[in-house]
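Working notes, structure below.
The values are calculated or read from the model by the stated rules, or taken from the named source; none is laboratory data. Computed from a predicted model, the values in this text were never measured in an experiment. Backbone-built Cβ (ideal geometry, glycine too); neighbour counts: all protein chains shown.
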Amino acid sequence: MNVLGIILARAGSRGLPNKCVAPLLGRPLVEYTIDHACESSLIRGLLLTTDSPAAREVASARGVVTIQRPAELATDTARVDAAARHAVLAWEDSPSSFHVDAVVLLYANIPVRAEGILDRVIDHLRATGADSVRTVASVGRHHPDWLHRLDGDRMSQFRPNGIFRRQDLEPLYYHDGAGVAVRRGPLFEAERYPDNGQAFLGSDRRAIVCRPDDAVDVDEPLDLLLAEAVLRSRGLAEPAAVSP
C-alpha cells in the first residue's frame, strides 16, 4: 500500500495567526510534524500543502516537497478533504511520484504525538481493511452527561441524567488530531457529498485509543505552553532534527 503523508498548514488562524510556524522551544511548529512523518517507516512520500511562505521555506529546507494551496482551499471554512485531494493529484502529477493508495493527514499545529503512532494508524488501516483510522482519546471530565446549558446564570443539563460519579459515565472519545489514515476511495468519493464534512472517512471507521496527553493541538498561545511542558517532560526540550 503506497501511503502519502500530507502535512496541512494554513497561514490564517483566528486564535494564533500563522501558527504553523509559531516558535516552540526554538523551532517552528511545523517542523515537529515533519519529524513525526520522517520517523514513520510506512509513509512512502511526504508533501506539505500550504498558503504560508514561511511554512514552505521550513519544509523545503528539510527536503520536503511543497505545493501552494489554492486560496479557496486555505480559508477557515475550506474542507480538509478538498485540500487532501488537491495534494494527491498534485503529487501524482509530479516527476518520480507514485500512485497513492492511502493518505495520512498530518496537521501542522500538532507538535506532540505518541511515539510510533503514525505507523500504528497505517498498520491498523491495512490490517482491518477499513476506510479510515483515527486516533482518539477519552473525553474525561468534558463528557456530555456533565455539560450544561446556561440561561443567564440558570443551569440545565445538556443531557438530563442523575450521573454523579465519573465511573458511571459511558466511555466516549474525541479525535485528538494526531493521526488520520484514509484510503483513496472514500477520500475521492466524498466529492459527491459536499454537505457532509466527514464523508471522506468512509463508512468503516476505526480508532486507536491514545492517552489525552499523547497529543497537543495548538490553537492559541496557551497551547504552546502546554506543548512545551509535555515535550520537556519527555526529555525533548531540544529534539534532534530527522532528515526525510
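Filtering segment 33-46 to residues that are more than 21 Å from residue 124 (Cβ to Cβ) and crowded, with 24+ Cβ neighbours inside 10 Å leaves only 34.
Here residue 88 meets the list (1) within 24 Å of residue 74 (Cβ to Cβ); (2) in contact with a Pro (Cβ under 7 Å, 6 or more places away or on another chain) almost entirely, failing just condition (2). Just so you know, in segment 227-244 the residues that are touching a helix residue (DSSP H, G or I) at 6+ places or on another chain (Cβ under 9 Å) and assigned to a helix (DSSP H, G or I) include one that is modelled with the lowest pLDDT, and it is 233.
Selection within segment 103-145: residues that are out of contact with any Leu (no Cβ under 8 Å at 6 or more places or on another chain) and assigned to a loop (DSSP other than H, G, I, E, B). The member of this set that is nearest to residue 31 (Cα to Cα) is 110.
Yes/no per residue for (1) within 18 Å of the chain's Cα centre (by Cα); (2) farther than 16 Å from residue 113 by Cα; (3) among the acidic types (Asp, Glu):
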{"position": "8", "(1), (2), (3)": "yes, no, no"}
{"position": "31", "(1), (2), (3)": "yes, no, yes"}
{"position": "37", "(1), (2), (3)": "yes, no, no"}
{"position": "52", "(1), (2), (3)": "yes, yes, no"}
{"position": "57", "(1), (2), (3)": "no, yes, yes"}
{"position": "62", "(1), (2), (3)": "no, yes, no"}
{"position": "69", "(1), (2), (3)": "yes, yes, no"}
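Take the residues in segment 146-175 that are in contact with a Phe, Trp or Tyr (Cβ under 8 Å, 6 or more places away or on another chain) and not in a strand (DSSP E or B); name whichever of them is farthest from residue 1 (Cα to Cα). Only one residue tops the list, namely 163.
When segment 136-173 is filtered for residues that are in contact with a helix residue (DSSP H, G or I) (Cβ under 8 Å, 6 or more places away or on another chain), within 30 Å of residue 40 (Cβ to Cβ) and surrounded by fewer than 14 Cβ atoms within 10 Å (Cβ to Cβ), the ones remaining, listed by number, are 140, 172. Of the helices (runs of 4 or more DSSP H) entirely within segment 1-95, those holding at least 2 residues that are within 26 Å of residue 189 (Cβ to Cβ) occupy 80-92.
For residue 189, the requirement of being more than 25 Å from residue 110 (Cα to Cα), surrounded by 14 or more Cβ atoms within 10 Å (Cβ to Cβ) and out of contact with any strand residue (DSSP E or B) (no Cβ under 6 Å at 6 or more places or on another chain) is met.
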